[in-house]
Amino acid sequence: MLKAFDTQVPILGFAAFSGTGKTTLLKKIIPLLRSRQLNVGLVKHSHHSFEIDYPGKDSYELRKAGANPVMLSSSRRRAIIMEHPEIREPSLSEELAFFDRTGLDLILVEGFKREPIPKIELHRPALGKPLLFPGDDTIIAIASDAEPAVMPHIPRLDINDPEQIVRFICQEFLPRARNG
């Protein structure tokens with residue numbers, strides 16, 4: 001599974017329907033992972049067009065003039081803005097080709113729920129959405145706020161207990177991912 005992405009850094013996805021709370025949970029999990037001295041990168045899929053630069057800024061104007069890619073660099077951060085040559089959904093492997101893995105212990109992926117990577121499914125039965133795990137054998141655990149309608153044969157975690165999810169990542173996922 002991970003070999004398809006040609007990386008030594010373990011990759012773990014968080015898959016769920018929109019509105020389930022992926023970003024909210026990740027904002028809690030990432031500091032807990034960092035407190036365990038793990039360097040964490042993140043790739044987030046967006047279904048919307050977005051701008052990280054805006055009219056009036058030099059970099060925006062240079063990109064609109066045709067420069068592609070455009071790199072903004074300062075003493076604190078670097079951003080690379082690249083236009084896709086055609087409008088289509090990106091693949092995770094294509095995006096990871098541009099992702100600097102230097103010094104990372106773990107790459108978290110928000111979205112890209114159909115990609116063949118290990119994933120924790122987030123599920124809230126009250127939203128009325130179906131479970132993903134019965135049709136996706138790359139889901140390694142389910143984090144939910146209630147008993148799922150179909151009991152999974154994989155670990156069930158509490159979506160409202162970020163520490164429990166981090167323990168699963170550190171004690172179950174990372175050792176298996178590192179050992180191939």
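Values quoted throughout were computed directly from the atomic coordinates according to the rules given, and no laboratory measurement underlies them. Predicted model only: the values in this text are computed from it and were never measured. Cβ placement follows ideal geometry from the backbone for every residue including glycine, while neighbour counts extend to all protein chains displayed.
What the table below lists for this structure:
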quantity: Rough spin-label spacing in nm, given labels placed 7 Å along Cα→Cβ, for PHE98 and ASN68; calculated: 1.0
quantity: Using alpha-carbon coordinates, inclination of helix 22-35 to the longest axis of the chain, degrees; calculated: 90
quantity: Nearest-0.05 FRET efficiency for ARG76 and GLU163, computed from C-beta distance (R0 25 Å); calculated: 0.25
quantity: Shape box of region 49-88 [Cα atoms, principal axes, largest first, Å]; calculated: 33, 19, 17
quantity: Computed over region 49-88: relative contact order in percent, which uses C-alpha pairs under 8 Å that are six or more apart; calculated: 24
quantity: Relative contact order, percent, the chain [alpha-carbon distance under 8 Å, six or more residues apart]; calculated: 31
quantity: Gaussian network model of the chain, Cα within-10 Å springs - most flexible of GLY111, GLY135, GLY56; calculated: GLY56
quantity: Among beta bridges that DSSP assigns inside region 61-180, antiparallel share in %, nearest 5; calculated: 35
quantity: Set of lysines with alpha-carbon distance to LYS22 below 17 Å, sequence-local pairs under 8 removed; calculated: LYS44, LYS113, LYS119, LYS129
quantity: Equivalent ellipsoid semi-axes - Cα gyration tensor, region 29-69, angstrom; calculated: 33, 13, 10
quantity: Net charge of neighbours whose Cβ lies under 15 Å from the Cβ of ALA146, counting Lys and Arg as +1 and Asp and Glu as -1; calculated: -2
quantity: For LEU157, residues with placed amide H under 5 Å, excluding near neighbours; calculated: ILE142, ALA143, SER144
quantity: Taking all pairs of distinct alpha-carbon atoms in the chain, Kirkwood radius in angstrom; calculated: 17.9
quantity: Helix-only CD estimate at 222 nm, as mean residue ellipticity for the chain, using -39500 (n - 2.57) per DSSP H run (n ≥ 4); calculated: -5500 deg cm²/dmol
quantity: Highest-MSF residue in the chain out of ASP158, ASP105, ASP53 [GNM, Cα springs under 10 Å]; calculated: ASP53
quantity: Candidates PHE50, PHE17, PHE99, ranked by Gaussian network fluctuation over the chain, Cα under 10 Å, top entry; calculated: PHE50
quantity: Rounded to whole Hz, the Karplus (6.51, -1.76, 1.60) HN-Hα couplings of region 118-127, x for glycine and proline; calculated: x, 9, 9, 7, 9, 9, 10, x, 4, 6
quantity: Zone residues, region 121-145, relative to ARG156, backbone N less than 12 Å from point 7 Å out along Cα-to-Cβ; calculated: 125, 142-145
